[in-house]
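Everything on this sheet refers to the single structure shown next.
Bear in mind these aren't lab numbers, they're just calculated from the coordinates by the rules spelled out. Computed from a predicted structure; not experimentally measured. In this analysis, Cβ positions are derived from the backbone assuming ideal geometry, glycine residues included, and neighbour counts consider all displayed protein chains.
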Amino acid sequence: MPARLSPSRHLQIRRSKAGLGLFARVPIKKGQFIVRYSGRKITTEVADQLDTRYLFEVNSRWTIDGSSRRNRGRYINHSCRPNAEVYFVKHVIKIRAIKNIKPGDEITYHYGRDYFDSFIKEVGCKCRACRKKRAEKRAEMRLRRLRRKARRHR
Ligand SMILES: [Zn+2]
């Protein structure tokens, strides 16, 4: 495990179930800093006029516009059962592991209830936990249909 992650060597941007995602190339230990959510610092007032998905509010006054592609943090997808979390060091937004992460794992954090309710809920969450839940539900429905059918044929 590297003591300090190099975003270009130890992290990888590639396709995931929810568009592009950020993946670990090396083991990352629980608690370890992964990457910054970097970008220009603008007032939340200015941010409210912008139309980009990559605005990250630091507080009621300041927002980070993370829409630059150099900001690797913007590739991190939401998960309802994430392996990372956001924390602030003054006005700097950082992401750290909350579980041990294996090479090849996608890095995710929870975007928060407000974001989830406004942007994710309606289109359906694509995180692994929710996909699994949906697959289980489908399997259960299928089973129920089969049982109904079996009863009818008795
Ligand atoms: Zn989910």
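Structural remarks
- Amide H within-cut-off set for VAL26, under 5 Å, with H built and near neighbours excluded: GLY104
- The stretch 54-154: C-alpha gyration tensor shape, a/c 1.5 cut-off, then a/b vs b/c: prolate
- Amide H within-cut-off set for GLY21, under 5 Å, with H built and near neighbours excluded: ARG14, ARG15, SER16
- Relative contact order computed over the stretch 1-128 (Cα-Cα under 8 Å; 6+ residues apart), in percent: 30 percent
- Taking other C-beta atoms within 10 angstrom as a stand-in for reagent exposure, ILE13, ILE28 fall in the order ILE13, ILE28, fewest first.
- For PRO7, net neighbour charge (Lys/Arg +1, Asp/Glu -1) across residues whose Cβ lies under 9 Å away: +3
- Counting neighbouring Cβ atoms within 10 Å and putting the fewest first, the residues VAL58, VAL92, VAL123, VAL35 line up as VAL123, VAL92, VAL58, VAL35.
- A cut-off under 10 angstrom between Cβ atoms defines the neighbours of GLN32, and their net charge, with Lys, Arg +1 and Asp, Glu -1, is +4.
- Set of aspartates and glutamates with alpha-carbon distance to LYS126 below 16 Å, sequence-local pairs under 8 removed: ASP105, GLU106, ASP117, GLU136
- Close Lys pairs in the stretch 7-122 (alpha-carbon distance under 27 Å; sequence gap of 8 or more, or different chains): 20.
- Surrounding net charge for SER16, when Lys and Arg each add one and Asp and Glu each subtract one, Cβ distance under 10 Å: +4
- Summarising the amide proton neighbourhood of TYR37: residues at separation of 5 or more, or on other chains, whose placed amide H is nearer than 5 Å comprise ILE93, LYS94, ILE95.
- In sequence order, calculated HN-Hα J values of the stretch 127-139 (Karplus, 6.51, -1.76, 1.60; Hz; x Gly/Pro): 5, 4, 4, 6, 5, 5, 4, 5, 5, 5, 5, 4, 4
- Value of [θ]222 nm, deg cm²/dmol, for the chain, DSSP H segments ≥ 4, -39500 (n - 2.57) each, nearest 500: -6500 deg cm²/dmol
- Taking θ as phi - 60° and the Karplus parameters 6.51, -1.76 and 1.60, the scalar couplings of the stretch 141-154 work out to 4, 4, 4, 4, 4, 4, 5, 4, 4, 4, 5, 5, 8, 6 Hz in sequence order, x denoting glycine and proline.
- Remark: the chain carries a charge dipole of roughly 1600 debye about the Cα centre, counting +1 on each Lys and Arg Cβ and -1 on each Asp and Glu Cβ.
- Per-residue 3J(HN,Hα) values for the stretch 54-59, derived from phi via the Karplus relation 6.51 cos²θ - 1.76 cosθ + 1.60 with θ = phi - 60°, read 9, 7, 10, 6, 7, 7 Hz in sequence order (x marks Gly and Pro).
- Residues GLU122, GLU106, arranged from fewest to most other Cβ atoms within 10 angstrom of their Cβ, appear as GLU122, GLU106.
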